[in-house]
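Here the structure is laid out as structure tokens; the discussion comes afterwards.
The values are calculated or read from the model by the stated rules, or taken from the named source; none is laboratory data. Since the model is a prediction, treat every value here as computed from it, not as a measurement. For neighbour counting, all protein chains shown are included, and Cβ atoms are generated from backbone atoms with ideal geometry for every residue, glycine included.
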Amino acid sequence: MAISYPTECDSPRRRIEYLFALMEVLRHVHNLMSYWYHNPITQVQYDNPPLPDVPLPLRPVVRTAFTFLKNKYPFKVQLTDADWKEFDQVDYMPRLHKICTQIAIQKNDLKNSTTYNVSIDI
């Protein structure tokens with residue numbers, strides 16, 4: 001599964017900015033799943049998870065991502081060790097690895113940037 005960039009992400013700088021936003025959403029989803037693994041939750045919390053640490057502009061995206069995971073992890077009071085391992089190894093780490101790999105690729109492209117006239121006289 002390749003990362004699909006929005007059309008406005010037409011440069012390494014813009015793709016890196018997008019990738020960091022994507023990583024931030026993934027981090028918040030990880031935090032939600034971790035909370036569920038370590039704490040019992042109610043059906044109401046599952047249906048509409050509290051997002052106090054998520055910046056307001058990211059909340060709809062984090063909710064959408066969590067809703068996507070609900071198909072795989074139906075409601076239960078607390079995630080089991082097997083659920084957590086599945087989430088970490090199948091849903092979280094591969095996505096994180098893909099994002100980090102793309103950041104490295106885009107960084108490499110930035111190395112050759114001629115956008116600025118740089119001087120070491122800083």
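Is it the case, given these coordinates, that Val29 is surrounded by 18 or more Cβ atoms within 10 Å (Cβ to Cβ), within 17 Å of the chain's Cα centre (by Cα) and modelled with pLDDT of 95 or more? Talk me through it step by step, then tell me what you get.
Working: surrounded by 18 or more Cβ atoms within 10 Å (Cβ to Cβ): yes; within 17 Å of the chain's Cα centre (by Cα): yes; modelled with pLDDT of 95 or more: yes.
Here the answer is yes, as Val29 does meet what is asked.
Considering each of His97, His38 in turn, give the residue that is under 30 Å from Ser11 (Cβ atoms) and exposed (fewer than 11 other Cβ atoms within 10 Å of the Cβ). Please lay out each step first, then the result.
On the way: His38 fails: under 30 Å from Ser11 (Cβ atoms).
After applying the criteria, what remains is His97.
Of these, Ile3, Ile16, which one is surrounded by 13 or more Cβ atoms within 10 Å (Cβ to Cβ), outside any helix (DSSP H, G or I) and in contact (Cβ under 8 Å) with a residue 40 or more places away in the chain? Can you show your working first?
On the way: Ile16 fails: outside any helix (DSSP H, G or I).
Result of the check over Ile3, Ile16: Ile3.
Go through the stretch 69-93 and count every residue that is without any contact (Cβ under 8 Å) to a residue 24 or more places away in the chain, more than 17 Å from the chain's Cα centre (by Cα) and part of a helix (DSSP H, G or I).
3
Identify the residue in the stretch 94-122 that is within 18 Å of Glu24 (Cβ to Cβ) and among the aliphatic types (A, V, I, L, M) and, among all such residues, is farthest from the chain's Cα centre (by Cα). Don't jump to the end; show me each part of the working.
Going residue by residue through the stretch 94-122, those that are within 18 Å of Glu24 (Cβ to Cβ) are 94-104, 106-107.
The next check asks that each one be among the aliphatic types (A, V, I, L, M); those that pass are 96, 99, 103-104.
On the way: Leu96: 7, Ile99: 8, Ile103: 13, Ala104: 16 Å.
So the residue we want is Ala104.
Any residue that is of a type in the set (Val, Ile, Thr), surrounded by 12 or more Cβ atoms within 10 Å (Cβ to Cβ), free of Cβ contacts under 8 Å to residues at least 60 places away in the same chain and in a helix (DSSP H, G or I) - is there at least one of those in the stretch 41-63?
Yes.
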